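Engineer: Have a look at the structure that comes next, please.
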Amino acid sequence: MEKILLIGACGQIGAELTMQLRAAYGDGNVVAADVKEPNSEIRESGPFEHLNVLDAASFGDILERHSPTQIYNLAAMLSATGEKYPLKAWDLNMNGLLNTLELSIIHEVKKVYWPSSIAVFGPTTPRVMTPQETVMEPNTIYGISKQAGERLCEWYHQKKGVDVRSLRYPGIISYKTEPGGGTTDYAVDIYFQAKRKGSYECFLKEGTALPMMYMPDAIRATMELMEAPANTISVRSSYNLAAMTFAPEEVAASIQKEIPDFAVSYAPDFRQAIAESWPASIDDSVARKDWGWKPEFDLDAMTKDMLEHVR
Ligand code: AKB
């Protein structure tokens, strides 16, 4: 029987992944952990532990008490906040991963999941249909930490036999828990402001196309990767993963099909340079071939669902 420890359970992806894993593996078999207070859904549906992933002693103690077969470590500082607090971002993103990998060996954890990001790519990377293997010269501290993390994952797999798996998430759009500190966050805010105010001031310029994905697809991709037989996983750094690509005016036009009076203005800030250093679209053919990845949501299907659910 699988038992899972999910660190970062109060974050945008962690909160939804915790509930989906509990539905799949049983509420009591998924221990949620975070430095923050959990929402009532997470607290009331299964076990919760307060954990700072940098505190190796407490992390080890939790592994001792719960004996998980899998660890998901989703604790991270994202691109925009990382540029403001580079040393904290490096510390959390790198040492959180190192603790996870080292402790997974000591406590004989069978599988580890760690998310990477399109931020591993940089301005010298081919921007359109970015291949799985290509030039990678990230220029944000978040991207640099994710690229170094990918190298660590591959090293721990090859040299220490850790069954670690990873996805390079694009911008993730969702309505349950709002994201924090990312460059792609505008694509979430725009839906909230469309419903709340009928207008939105975007911090990226028109024409800034970025790879994006709706949360149900991101959760399904994560669970499908973790459930795939180990011999089908040919990539031990991190898999390219894609669903859709759009620029701010395209998501605005999609919202206007449902809310015709919705108005968008543009006031680009420091996040524009980050967005311009990232790919516009991603070639995820290796994930499709290895473990059958296929997205379900396109832009208009996501817009309909988002506008139905955003409060
Ligand atoms: C960010 O914008 O920093 C994240 C990411 C693409 O990893 N959403």
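Engineer: Hey, if we sort His309, His66 by accessible area with the 1.4 Å probe, largest down, what's the order?
Structural biologist: Ranking His309, His66 by accessible area, largest first, yields His309, His66.
Engineer: Let me ask you something else. Give the accessible surface of the chain per residue, rounded to a whole number of Å², with probe radius 1.4 Å and ligands, DNA and RNA excluded.
Structural biologist: Dividing the accessible area of the chain by its residue count gives 41 Å².
Engineer: Taking Rh as the Kirkwood radius, which is the inverse of the mean 1/r over Cα pairs, what is the Rg/Rh value for segment 226-311?
Structural biologist: 1.07
Engineer: Next up: What accessible surface, in Å², does a 1.4 Å probe find on Leu299, ignoring ligands, DNA and RNA and rounding to the nearest 10?
Structural biologist: That residue has around 30 Å² of solvent-accessible surface.
Engineer: Please compute the Kirkwood hydrodynamic radius over segment 1-79, one decimal place, Å, based on all pairs of different Cα atoms.
Structural biologist: 12.3 Å
Engineer: Asp27 to Arg196: extension gain in nm, 0.36 nm per residue of separation minus the Cα-Cα distance?
Structural biologist: Length gained, Asp27 through Arg196: 57.4 nm.
Engineer: Could you run the Karplus curve 6.51 cos²θ - 1.76 cosθ + 1.60 with θ = phi - 60° over segment 44-60 and give me ³J(HN,Hα) per residue in whole Hz, x for Gly and Pro?
Structural biologist: Result, ordered by residue: 8, 9, x, x, 9, 10, 6, 8, 9, 4, 7, 8, 4, 5, 5, 4, x Hz.
Engineer: Return the equivalent ellipsoid semi-axes of the chain as a descending list in whole Å, where each equals the square root of 5 times an eigenvalue of the C-alpha gyration tensor.
Structural biologist: 31, 22, 18
Engineer: Relative to the longest principal axis of the C-alpha atoms of the chain, give the angle of the C-alpha long axis of helix 186-196, reported between 0 and 90° and rounded to the nearest 10°.
Structural biologist: It works out to around 60 degrees.
Engineer: Further question on the same structure: Which residues' amide hydrogens lie under 5 Å from the amide hydrogen of Ser116, considering only partners 5 or more residues apart or on another chain, with H built in the peptide plane?
Structural biologist: Excluding prolines and chain starts, which carry no amide H, the hits are Leu167, Arg168, Tyr169.
Engineer: Which value in Å is the Kirkwood Rh of segment 84-123 over different Cα pairs?
Structural biologist: Result for segment 84-123 stands at 11.9 Å.
Engineer: Here's a follow-up. So for the chain: antiparallel DSSP bridges make up what percent, rounded to the nearest 5? Present the calculation step by step, with values, prior to reporting the outcome.
Structural biologist: On the way: 3 of 31 bridges.
Beta bridges within the chain, antiparallel portion: roughly 10 percent.
Engineer: Hey, another quick one. Which angle from 0 to 90°, rounded to the nearest 10, does the C-alpha axis of helix 215-227 make with the longest principal axis of the chain?
Structural biologist: Orientation of helix 215-227: about 30 degrees from the principal axis.
Engineer: Enumerate the calculated ³J(HN,Hα) couplings along segment 197-214 in order (Karplus 6.51 cos²θ - 1.76 cosθ + 1.60, θ = phi - 60°), each rounded to whole Hz, writing x wherever the residue is Gly or Pro.
Structural biologist: So the J values, rounded to whole Hz, are 10, x, 8, 8, 9, 8, 8, 10, 7, 3, x, 8, 7, 9, x, 9, 8, 7.
Engineer: What figure in square angstrom, to the nearest 10, would you give for the accessible area of Arg288 with a 1.4 Å probe?
Structural biologist: Looks like 100 Å² after rounding.
Engineer: Moving on to the next point. Between Trp155 and Thr177, what's the calculated FRET efficiency when r is the beta-carbon distance and R0 is 30 Å? Round to 0.05.
Structural biologist: Rounded to the nearest 0.05, the efficiency is 0.40.
Engineer: Next up: Between Ile105 and Asp300, what length in nm is gained on full extension when 0.36 nm per residue of separation is reduced by their alpha carbon distance?
Structural biologist: 65.8 nm
Engineer: Amide H neighbours of Tyr72 under 5 Å, at least 5 residues apart or on other chains, H built in the peptide plane: list them.
Structural biologist: Result for Tyr72 returns Leu5, Leu6, Ile7, Tyr113.
Engineer: Of all alpha-carbon pairs in segment 169-281, indicate the percentage at a distance above 18 angstrom.
Structural biologist: When every Cα pair of segment 169-281 is considered, 54 percent fall beyond 18 Å.
Engineer: Which angle from 0 to 90°, rounded to the nearest 10, does the C-alpha axis of helix 141-160 make with the longest principal axis of the chain?
Structural biologist: 30 degrees
Engineer: Please give the direction-averaged projected area of the C-alpha convex hull for segment 74-201, in square nanometres with one decimal. If you can, show how the numbers build up before the last one.
Structural biologist: Numbers: hull surface 37.7 nm².
Reported value for the Cα convex hull: 9.4 nm².
Engineer: Largest first and to the nearest Å, give the Cα extent of segment 61-140 along each principal axis.
Structural biologist: 45, 29, 14
Engineer: Would you mind telling me the share, in percent, of accessible area of the chain contributed by carbon and sulfur at probe 1.4 angstrom?
Structural biologist: Whole-percent figure for carbon plus sulfur exposure: 51.
The values are calculated or read from the model by the stated rules, or taken from the named source; none is laboratory data. Note that the coordinates shown come from a computational prediction; the quantities given were computed from them, not determined experimentally. As a convention, Cβ positions derive from the backbone with ideal geometry for all residues, glycine included, and neighbour counts pool all protein chains shown. Side chains included, ligands, DNA and RNA excluded: accessible areas come from the protein's heavy atoms. Shrake-Rupley method; radii C 1.70, N 1.55, O 1.52, S 1.80 Å.
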